[in-house]
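Accompanying notes for the structure given below.
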């Protein structure tokens, strides 16, 4: 029985891959100025992230900014593993936990950008009275 379950899981994993992964072109890089960003202002991010690492607020950080489908900023700072003295690379894999707030706030701001609501709108509240 365990072999059948394992085989089913393997089959699902193999066939779950989409064909679009094979056909997706790589994301192009561009200069910040070509999409309306300032290189000088992006350098401030370098200073802030490096300062946080120097003050031991963060062991390492990776940042990427895309605009109009082009990478305009992609850097890594600090260490991936302090004990092994391994530097963080731009393509290192992170364990991400508790993404609810990030995903929800992004969705809300997308709705705001589409004009679905205004930030000053008030919404009717339903109040449940305790018995």
note = Computed over region 23-90, the relative contact order (Cα-Cα under 8 Å, seq sep at least six) in percent reads 28
request  = Please report 119, 66, 88 as a ranked list, fewest other C-beta atoms within 10 angstrom at the top and most at the bottom.
outcome  = 119, 66, 88
query = So how far apart, in nm, are the two label points at residue 103 and residue 55 if each is 7 Å from Cα heading toward Cβ?
reply = 3.2
request  = List 49, 58, 120 from most exposed to least, where exposure is judged by having the fewest other Cβ atoms within 10 Å.
outcome  = 120, 58, 49
query = So if we plug the beta-carbon distance of residue 29 and residue 95 into 1/(1 + (r/R0)^6) with R0 = 25 Å, what FRET efficiency do we get, rounded to 0.05?
reply = 0.40
query = Using the alpha-carbon centroid of each, what span in Å lies between region 19-84 and region 85-117?
reply = 14
inquiry  = Give me the one-decimal Kirkwood hydrodynamic radius in Å for region 23-90, with the sum taken over alpha-carbon pairs.
reply    = 13.2
remark   = Exposure-ranked with fewest Cβ neighbours within 10 Å first, 44, 95 stand as 95, 44
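Just so you know, all these numbers are worked out from the coordinates, no wet-lab data involved. Computed from a predicted model, the values in this text were never measured in an experiment. Here Cβ is always computed from backbone atoms with ideal geometry, including for glycine, and neighbour counts include all displayed protein chains.
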